[in-house]
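Encoded as structure tokens, the structure appears first; notes follow it.
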Amino acid sequence: MSTRHWIVAALACVAGAAHADDFFRDGTFDGELRLYRFDRNYEAPTTHDSRANSLAGLFTLKSGHVGGFGVGVTAFSAQSFGTQSRDTTRIDSTLMGPNNSISGFSQAYVEYANPWVTVRAGDQYLATPWMGQSDSRVIPASYQAGMVDFKPAKGWDIYAIRELRWKSRTSDGYNDDNVYYPSKYHGDRMYGNNGSLPLNAHEADGTTAIGSTYVANGLKAQAWFYDFEHFARMGYVDGMYTFHTDSAIKPFLGVQALRQTSGSDNVLVQTRTKITGVAGHRIDANAWGVDAGVTIGKGKYDVSYNKLDSAAGAVGDGAIISPYTNTYATDPLYTTSMLRGLVEQGPGHAWKARASYSFFNDTLQLTASYAHYETDLRGASHDVYVDVVYKLDYILKGLQLRDRWERTVGGRNNLNPGNQPWVNNRLMIAYKF
């Protein structure tokens with residue numbers, strides 16, 4: 001029985017236990033329309049420029065709760081209306097894959113909730129640092145999982161998650177893989193992934209995660225343990241404190257640390273898979289970072305630093321193994337850019353300077369940043385980033401125009417195609433209702 005079928009069965013059981021009106025009366029329906037245009041412009045003469053267009057819709061239906069029980073379903077569809085090039089090398093397949101359409105369900109879950117605990121099972125979005133939605137494309141990533149969120153006090157959450165399979169940002173269904181598996185592994189339509197493993201690699205067995213978050217009085221802190229089965233075990237902590245003052249100037253300071261070792265029967269070791277160009281006989285990653293800055297009225301300014309140690313004999317020479325973010329550049333390291341960070345480049349260090357400011361009663365937000373990387377395996381590179389967000393609520397509430405632009409320069413070993421600079425531009429129009 002598929003997930004959607006057992007969700008319908010659960011809905012019928014709950015509705016049968018109470019009046020149907022009670023179950024649906026407090027239900028909600030919302031969604032989002034996304035019109036995206038992605039362009040990749042390369043300076044390497046042997047690499048084609050690529051582009052993609054997509055109009056996508058995400059539609060979420062949530063029931064009311066009867067005795068604390070409820071269900072939720074999110075359907076999605078993305079269409080390029082025949083605009084994809086016949087030459088696949090000229091398609092930015094990270095947006096929605098190389099085909100002209102993709103449709104399916106990204107959520108279909110049953111849950112129990114009260115003021116102290118939420119228990120959810122089925123297809124769902126997750127929001128943990130190393131296993132989240134990676135929501136920078138038309139369709140977010142989602143997971144087949146069981147999740148418990150215990151709330152012992154205000155601002156304090158304790159999570160336990162068991163994930164079995166996932167759906168990438170370009171997949172139409174759930175699969176027993178992650179970003180290290182090649183595209184089309186077991187029929188998966190996964191693109192823009194790392195893809196280093198061979199096609200005959202053992203399927204992924206999911207992830208167990210336990211974590212806690214705390215927010216109070218200017219402090220935001222979290223601690224997580226992940227068992228990416230047959231890939232790595234990871235401990236991760238971070239905290240950010242904002243100093244309260246009697247003025248519009250509010251300094252903040254953040255720190256983060258990560259430790260990762262081999263899990264049992266590591267598939268990357270067994271297959272001698274090269275990560276950042278290096279195979280190894282164990283997983284061994286150690287990283288830390290700091291972020292310091294200040295908010296002044298409508299502006300925010302900060303400088304951050306990350307260090308990832310090298311480890312001789314380890315996979316990737318000490319690379320961080322991140323089964324749901326590698327090549328997506330959606331990890332929580334402070335210095336990660338729109339296109340990549342130390343997760344993708346391997347051991348070394350990086351720093352990043354960023355400034356953002358909101359104009360016209362927060363209608364227009366501008367962000368600019370510069371990130372510099374010095375890595376053992378991919379050399380020195382830097383990224384310049386500009387992000388413009390224009391909220392059009394005065395035309396239609398929930399309408400937003402956004403353009404993200406980044407130019408990356410430098411590196412070696414084909415960090416950039418032909419070791420030449422290139423530009424990625426992402427124009428996005430979104431309407432939430």
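The values are calculated or read from the model by the stated rules, or taken from the named source; none is laboratory data. Worth saying up front: this structure is predicted, and the values here are computed from it rather than measured. Backbone-built Cβ (ideal geometry, glycine too); neighbour counts: all protein chains shown. Keep in mind that these areas ignore ligands, DNA and RNA; they rest on the heavy atoms of the full protein, side chains included. Shrake-Rupley method; radii C 1.70, N 1.55, O 1.52, S 1.80 Å.
Tell me the per residue accessible area of segment 313-404 using a 1.4 Å probe; a whole number in Å² is fine.
The answer is 37 Å² per residue.
Evaluate the relative contact order of the chain (contact order divided by residue number), counting alpha-carbon pairs under 8 angstrom at least 6 apart; express in whole percent.
Result for the chain is 11 percent.
Give the accessible surface of segment 78-225 per residue, rounded to a whole number of Å², with probe radius 1.4 Å and ligands, DNA and RNA excluded. The partial results should precede the final answer.
On the way: 6080 Å² over 148 residues.
For segment 78-225, the solvent-accessible area averages 41 Å² per residue.
Can you give the accessible area of residue 102, probe radius 1.4 Å, in Å² rounded to 10?
That residue has around 0 Å² of solvent-accessible surface.
Taking amide hydrogens as modeled 1.01 Å from N in the peptide plane, which residues meet the under 5 Å criterion relative to residue 27, leaving out close sequence neighbours?
64
Go ahead and set up a Gaussian network model of the chain, Cα springs under 10 Å, then flag whichever of 183, 247, 356 fluctuates most.
Result for the chain, Cα springs under 10 Å: 247 fluctuates most.
Which residue fluctuates the most in the chain, going by a Gaussian network model with Cα springs under 10 Å, if the choices are 138, 215, 423?
Largest GNM mean-square fluctuation: 215.
Assuming 1.002 mPa s and 20 °C, estimate D for segment 189-289 with Stokes-Einstein, Rh taken as the Kirkwood radius over Cα pairs, in µm²/s.
Numbers: Rh = 16.3 Å.
Estimated via Stokes-Einstein, D reaches 132 µm²/s.
For residue 357 and residue 127, what is the calculated FRET efficiency with R₀ set at 30 Å and r taken between the beta-carbons, to the nearest 0.05? Intermediate results must be reported in sequence, preceding the final value.
Working: r = 27 Å, r/R0 = 0.90.
For residue 357 and residue 127, the calculated efficiency is 0.65.
Considering only the other residues whose Cβ falls under 13 Å of the Cβ of residue 358, what net charge follows from Lys and Arg at +1 and Asp and Glu at -1? Mind dumping the intermediate values first?
Values: positive: 298, 300, 391; negative: 362, 387.
Net of charged neighbours comes to +1.
Going by accessible area, probe 1.4 Å, with all protein chains left in place, what is the ranking of 90, 378, 137, largest first?
Largest accessible area first, the list is 90, 378, 137.
Suppose the chain between residue 100 and residue 200 were pulled fully straight at 0.36 nm per residue; how much longer would it get relative to their current alpha carbon spacing? All intermediate terms of the calculation are to be shown ahead of the outcome.
Numbers: separation 100, 0.36 × 100 = 36.00 nm, distance 2.82 nm.
Between residue 100 and residue 200, full extension yields an extra 33.2 nm.
What number, rounded to the nearest 500 deg cm²/dmol, is the helix-based mean residue ellipticity at 222 nm of the chain, given -39500 (n - 2.57) per DSSP H run of at least four residues and division by all its residues? The partial results should precede the final answer.
Numbers: 4 runs with 28 residues, N = 433.
So the helix-based figure for the chain works out to -1500 deg cm²/dmol.
Per the 1.4 Å probe, what fraction of the accessible area of the chain, in percent, lies on carbon and sulfur atoms? Mind showing how you got there, number by number?
Details: 10960 of 19050 Å².
Carbon and sulfur together cover 58 percent of it.
Under a Cβ-only charge scheme (Lys and Arg +1, Asp and Glu -1), can you give me the dipole magnitude of segment 208-300 about the Cα centre, in debye to the nearest 20? Could the numbers behind the result be given before it?
Working: 9 positive and 7 negative charges, 49 e Å.
With only Lys, Arg, Asp and Glu charged at Cβ, the dipole is about 240 debye.
Of 358, 212, 142, which is the most mobile in a GNM of the chain whose springs link Cα atoms less than 10 angstrom apart?
Among 358, 212, 142, the largest mean-square fluctuation in the Gaussian network model of the chain belongs to 358.
What does the net charge come to around residue 404 if you take all other residues with beta carbon closer than 10 Å to its beta carbon, with K and R at +1 and D and E at -1?
Numbers: positive: 402, 426; negative: 387, 403, 406.
Neighbourhood net charge equals -1.
Modelling each spin label as a point 7 Å along the Cα-to-Cβ direction, I'd like the residue 401/residue 243 distance in nm, to one decimal.
Between residue 401 and residue 243, the simple spin-label model gives 4.0 nm.
Taking θ as phi - 60°, what are the ³J(HN,Hα) couplings along segment 146-156 by the Karplus curve (6.51, -1.76, 1.60), each to the nearest whole Hz, with x for Gly and Pro?
Whole-Hz 3J(HN,Hα) from phi for segment 146-156: x, 9, 10, 10, 9, 10, x, 7, 4, x, 10.
Expressed as a rounded percentage, what relative contact order does segment 93-167 have, with Cα pairs under 8 Å and six or more residues apart? All intermediate terms of the calculation are to be shown ahead of the outcome.
Working: 129 pairs, mean separation 19.4, N = 75.
Computed over segment 93-167, the figure is 26 percent.
Give, in whole angstrom and from largest to smallest, the semi-axes √(5λ) of the equivalent ellipsoid of segment 294-363, with λ running over the eigenvalues of the Cα gyration tensor.
On the way: eigenvalues 197, 36, 10 Å².
Working through the eigenvalues yields semi-axes of 31, 13, 7 Å.
Which one of 210, 288, 230 has its Cα pushed farthest toward the positive end of the charge dipole of the chain, where Lys and Arg give +1 and Asp and Glu give -1 at the Cβ?
Of the options given, the answer is 288.
Using the crude model of +1 on Lys and Arg Cβ and -1 on Asp and Glu Cβ, and no other charge, please compute the dipole size for segment 224-364 relative to its Cα centre, in debye to 20.
On the way: 12 positive and 13 negative charges, 55 e Å.
Magnitude of the dipole: close to 260 debye.
Report, ordered by chain and residue number, the lysines lying within cross-link reach of residue 167, taken as a straight Cα distance under 23 Å and ignoring same-chain residues fewer than 8 apart.
Counting by Cα, and skipping residues close in sequence, residue 167 has these lysines nearby: 62, 184, 432.
Go through (1) 68, 55, 39; (2) 65, 60, 46; (3) 82, 54, 43 and flag the label whose value is the computed Cα extents along the principal axes in Å for this structure.
Recomputing Cα extents along the principal axes in Å here gives the entry labelled (2).
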